[in-house]
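Trainee: Quick one: this structure, given as structure tokens, is what I'll be asking you about.
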Protein chains: 2
Amino acid sequence: MSDEAANESSNVRRTRRLDRASVVAAAMGMADEGGIDGLTMRKLGRSLGVEAMSLYNHVANKEDLIDAMVDEVFDMIGDPIPGEPWREAMTTRAQSTRSVLRTHPWATPLLDSRTSPGAATMRHLDATLGCLRNGGFSVPLTAHAIALLDAYVYGFSLQEAGLPFEGRDETVDLAEAIMEGLGESHPHLAELVSEHITREGYDFADEFDFGLEVVLDGLERALQPQD
Amino acid sequence: MSDEAANESSNVRRTRRLDRASVVAAAMGMADEGGIDGLTMRKLGRSLGVEAMSLYNHVANKEDLIDAMVDEVFDMIGDPIPGEPWREAMTTRAQSTRSVLRTHPWATPLLDSRTSPGAATMRHLDATLGCLRNGGFSVPLTAHAIALLDAYVYGFSLQEAGLPFEGRDETVDLAEAIMEGLGESHPHLAELVSEHITREGYDFADEFDFGLEVVLDGLERALQPQD
DNA sequence: TTGACGACCTTACAGCGTAAGTATATGGTT
DNA sequence: AACCATATACTTACGCTGTAAGGTCGTCAA
């Protein structure tokens, strides 16, 4: 009775065989919804209409799966177009990275932590370095530039991922809840919340462009003197 | 036979009662060594000579414990001294944050993700905002400044935490291993590794000050025009 | 002396990643 | 058409995890 029915009781009726790409895609969707801790092999299998262990035909282990997910993120970010001026290319890259990381916030703390980078990761890095070198950056200045740019973009994405709200209404609600009775002891925080964050039209996301311009201006100035 | 011996076989002979502070301190030490995933209630209890469930007399649950750990990190970072010029204060703050996050790398992705910030966190934030406001920053510019500064510092710390090596020797070994046969297809990466990263005296940590100066210069320029 | 309280321990449960072993369907070769 | 190698999927089992529920005991106030 129970034996035969079990197979077709899954959420998804599997049309065809599984492959690595669809496992990775499903894993990314699951992490998008429940964070990286919400991704488990059992749940992932269930969502694909398969037992957990079947996934191991397509990924070596969970670490390998996460490596593939991160590599896919780099693929989505996209590489600078060869020959594009460095400032335009870096602006596009920063905005694209930030946009992808907003869709896949679980990836932000993982981008720099992979000891075995995938093909797309390597390609992306090489293309970015090439863009800067062709733009006149010396080797040491290229290292400075990419460290600074990535630190800013990753750090901003990390902050954005930590925001426990989505739109402006939620922001206002939460800000007021937190500040309840704390205004007296934290006057500057209270000022920021009441005069800025809860203002009509405020969106934390808008802070991104300000910082990016500061960073790019700084790099442009560092490029001027010689070279 | 086995019943009575078990209690004293723990790693640590408990002299006195446990308290919240020592639980938090031990948890930080454990996370320092094995990352946040290496911290488990059972192992933490064992290291304190206590059963896992006894920890729940001092912390509500693991989430509460991690909240306390993050708040302790903000406490260690320290607040700007009232009256200190903003640029000096922000430099000190950035370097202190980065230094603390190097010792406690597990904290970097967590700093911005706490929905219930602790007392030290709130105090630190308020003091930082106050320093900028007193330095002549308008409310909106203060928001820009702290977002930019924190993005840079957190992002840099994140990159640093992801480095899978510690000293220069390991760096060279790993770089050469990764580049094995990949030099031809990734010329710019190969160039960076061979001409810069594997050079005597190179230390990724040195990149920090360059970026920090760029950020602070940018803020100083944004402060000039008016206000 | 008593009785309440807080710190600690024991037991138990559902869920985790994955090692090991088994069944089954597919595609290529006779 | 018959066969078998291989890839894919399933089953079972192990030692982990966080923590709910309840029992034991030493300390201190009344």
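Trainee: In the list A:Leu158, A:Leu219, which residue meets the criterion of being under 17 Å from the mean Cα position of the chain (by Cα) and at the interface with chain B (Cβ under 10 Å from one of its Cβ atoms)?
Mentor: Values: A:Leu219 fails: under 17 Å from the mean Cα position of the chain (by Cα).
After applying the criteria, what remains is A:Leu158.
Trainee: Do you know which residues across segment B:193-215 are farther than 30 Å from B:Met90 by Cα and at the interface with another protein chain (Cβ under 8 Å from one of its Cβ atoms)? Can you show your working first?
Mentor: So the first thing to find is which residues in segment B:193-215 are farther than 30 Å from B:Met90 by Cα, and the list is B:193-195, B:198-200.
Correct list: B:Glu195 only.
Trainee: Right, next: Going through A:His188, A:His196 one at a time, which residue ends up being in contact with a Lys or Arg (Cβ under 7 Å, 6 or more places away or on another chain), of a type outside the set (Phe, Trp, Tyr) and either surrounded by fewer than 20 Cβ atoms within 10 Å (Cβ to Cβ) or at pLDDT below 95 (or both)? Let's see the steps before the verdict.
Mentor: On the way: A:His196 fails: in contact with a Lys or Arg (Cβ under 7 Å, 6 or more places away or on another chain).
It is A:His188.
Trainee: Identify the residue in segment A:14-46 that is within 12 Å of DNA strand C (Cβ to nearest atom), of a type in the set (Gly, Ala, Ser) and surrounded by 15 or more Cβ atoms within 10 Å (Cβ to Cβ) and, among all such residues, is farthest from A:His104 (Cα to Cα). Write out each step before concluding.
Mentor: Step one: filter segment A:14-46 for residues within 12 Å of DNA strand C (Cβ to nearest atom), giving A:14-17, A:27, A:30-31, A:34, A:36-46.
Of the ones still in play, those that are also of a type in the set (Gly, Ala, Ser) are A:27, A:31, A:34, A:38, A:45.
Applying the additional criterion that residues be surrounded by 15 or more Cβ atoms within 10 Å (Cβ to Cβ) yields A:27, A:31, A:45.
Working: A:Ala27: 11, A:Ala31: 8, A:Gly45: 20 Å.
Per the criteria, the residue is A:Gly45.
Trainee: Contact list please: Cβ distance under 7 Å, first residue in segment B:48-76 and within 14 Å of B:Ser116 (Cα to Cα), second residue outside any helix (DSSP H, G or I) and within 12 Å of DNA strand C (Cβ to nearest atom), pairs at least six apart or on different chains.
Mentor: Partner pairs satisfying both residue conditions: B:Leu65/B:Val59; B:Ala68/B:Val59.
Trainee: Does B:Glu207 satisfy the criteria of being acidic (Asp, Glu) and not in a loop (DSSP other than H, G, I, E, B)? Full working, then the answer.
Mentor: Numbers: acidic (Asp, Glu): yes; not in a loop (DSSP other than H, G, I, E, B): yes.
Spelling it out, B:Glu207 is indeed acidic (Asp, Glu) and not in a loop (DSSP other than H, G, I, E, B).
Trainee: Output the residues belonging to segment A:61-79 that are within 16 Å of DNA strand D (Cβ to nearest atom) and either within 14 Å of the chain's Cα centre (by Cα) or part of a helix (DSSP H, G or I) (or both).
Mentor: So the first thing to find is which residues in segment A:61-79 are within 16 Å of DNA strand D (Cβ to nearest atom), and the list is A:61-65, A:68.
Answer for segment A:61-79, where residues must be within 16 Å of DNA strand D (Cβ to nearest atom) and either within 14 Å of the chain's Cα centre (by Cα) or part of a helix (DSSP H, G or I) (or both): A:Lys62, A:Glu63, A:Asp64, A:Leu65, A:Ala68.
Trainee: Further question on the same structure: Are any of the residues in segment B:120-143 facing chain A (nearest Cβ under 9 Å), within 16 Å of DNA strand D (Cβ to nearest atom), of a type in the set (D, E, K, R) and surrounded by 15 or more Cβ atoms within 10 Å (Cβ to Cβ)?
Mentor: no
Trainee: Something else: Looking at A:Val215, is it outside the structural domain of A:Met90 (by TED's automatic domain parsing) and in contact (Cβ under 8 Å) with a residue 12 or more places away in the chain?
Mentor: Details: outside the structural domain of A:Met90 (by TED's automatic domain parsing): no; in contact (Cβ under 8 Å) with a residue 12 or more places away in the chain: yes.
Criteria not met by A:Val215.
Trainee: Now a separate question. A:Thr103 is checked against (1) more than 14 Å from chain B (Cβ to nearest Cβ); (2) surrounded by fewer than 21 Cβ atoms within 10 Å (Cβ to Cβ); (3) modelled with pLDDT of 95 or more; (4) within 16 Å of DNA strand C (Cβ to nearest atom) and fails just one. What number does that condition carry?
Mentor: So the condition that A:Thr103 fails would be (4).
Trainee: Moving to a separate point now. Within segment A:185-219, track down each residue that is charged (D, E, K, R) and under 13 Å from A:Leu148 (Cα atoms). Give the steps one after another, and end with the answer.
Mentor: Initial filter on segment A:185-219 (charged (D, E, K, R)): A:191, A:195, A:199-200, A:203, A:206-207, A:209, A:213, A:217.
Within segment A:185-219, A:Glu213, A:Asp217 qualify.
Trainee: Within segment A:26-39, which residues are out of contact with any helix residue (DSSP H, G or I) (no Cβ under 8 Å at 6 or more places or on another chain) and within 15 Å of DNA strand D (Cβ to nearest atom)?
Mentor: Within segment A:26-39, A:Asp37 is the sole residue that qualifies.
Trainee: Filter segment A:109-162 for residues that are of a type in the set (S, T, N, Q) and outside any loop (DSSP other than H, G, I, E, B); which is farthest from B:His196 (Cα to Cα)?
Mentor: Of the residues in segment A:109-162, the ones of a type in the set (S, T, N, Q) are A:113, A:115-116, A:121, A:128, A:134, A:138, A:142, A:157, A:159.
Now narrow it down to the ones that are outside any loop (DSSP other than H, G, I, E, B): A:121, A:128, A:134, A:142, A:157, A:159.
Working: A:Thr121: 20, A:Thr128: 16, A:Asn134: 17, A:Thr142: 10, A:Ser157: 28, A:Gln159: 31 Å.
Ranking the qualifying residues of segment A:109-162, first place goes to A:Gln159.
The values are calculated or read from the model by the stated rules, or taken from the named source; none is laboratory data. From a predicted model like this one, the values you see are computed outputs, not experimental measurements. All Cβ positions, even for glycine, are placed from backbone atoms using ideal geometry, and neighbour counts span all protein chains on display.
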